[in-house]
1. Over all Cα pairs of segment 95-160, how is the pair count split among 10 Å bins, expressed in % and running from 0 up to the last occupied bin?
2. At 7 Å along Cα-to-Cβ for each site, give me the label-to-label distance between Ile66 and Leu194 in nm.
3. Helix-derived [θ] at 222 nm for the chain: sum -39500 (n - 2.57) over DSSP H runs of at least 4, divide by residue count, nearest 500?
4. State, to one decimal in nm, how far the label point of Ala117 lies from the label point of Asp12, with both points 7 Å from Cα in the Cβ direction.
5. Let's see if you can work this out: charge +1 on each Lys and Arg Cβ, -1 on each Asp and Glu Cβ, no other charges. What is the dipole magnitude of segment 159-199 about its Cα centre, in debye to the nearest 20?
6. With r defined as the distance between the Cβ atoms of Thr152 and Glu35 and R0 fixed at 35 Å, what FRET efficiency is calculated, to the nearest 0.05?
7. Rounded, prolate or oblate: which one fits segment 50-146, using the alpha carbon gyration tensor with axes a ≥ b ≥ c (rounded when a/c is under 1.5, else prolate when a/b beats b/c, else oblate)?
8. Of all alpha-carbon pairs in the chain, indicate the percentage at a distance above 26 angstrom.
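FYI, it's all coordinate maths here, none of it is from the lab. Only a predicted model underlies this, so the values are computations on that prediction, with no experimental measurement involved. Here the Cβ positions follow ideal geometry from the backbone for every residue, glycine too, while neighbour counts run over all protein chains shown.
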Amino acid sequence: MTATLKHNLRVDPYEYQKEGILYGLRRRRILIGDEPGLGKTLQSIGIVDTARAYPCLVICPSSLKINWQREFEKFTDKKALVLGNATSTSWPYLLTMGLFHVAIVNYESLRKYFVCAPKRAPFRLRDVVFNSDINIFRSVIIDESHRVKDPTAQQAIFTRGIVEGKEWRILLSGTPVVNHAQDLVSQLAIMGRLLSDFG
């Protein structure tokens, strides 16, 4: 089964990682819940790169942004851009022109780069107006996805709006269920699997 994986990664994944990549290529919207240290990052990059699902957006904790940039550039021949003040207006151009293939942003900056304005506060998803530049992305990787387990939190609402319509959605978490099974509800909704798979 794993022998059928043809990839362009600069490293050869372990057999179980190849199985994870193949599974992701078949399902397209998944949650990788492997234990820490087993290569969730490599598997998600392998899925995006093998599917050529670029441009890709990575949403992660602030402390992991540089790590994601290094990992993408270590495992693939693609360039990754950490969104910051210097690229706050130019990132759509840089991605559209193919100068970069991956944009990396932390949860706290989702509003800054992708949200024009919520109509009112408190708000729900239908009240949020998103920047049309989010349509550039073909895939989204959401690292530490348990951070969006509360469906009423701003970060969860923004994340759900950003991934809407995206063919490739990859959530990563070593602890997808923090306290209760209900922690999965928001993550399943972000994957687009809540209603279709669970009714």
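1. Here the calculated profile for segment 95-160 is 18, 52, 25, 4.
2. If labels sit at Ile66 and Leu194, their model points lie 3.6 nm apart.
3. On the way: 8 runs with 71 residues, N = 199.
Calculated mean residue ellipticity at 222 nm is -10000 deg cm²/dmol.
4. 5.7
5. 60
6. 0.75
7. Cα axes put segment 50-146 in the prolate bin.
8. Pairs farther apart than 26 Å: 29 percent.
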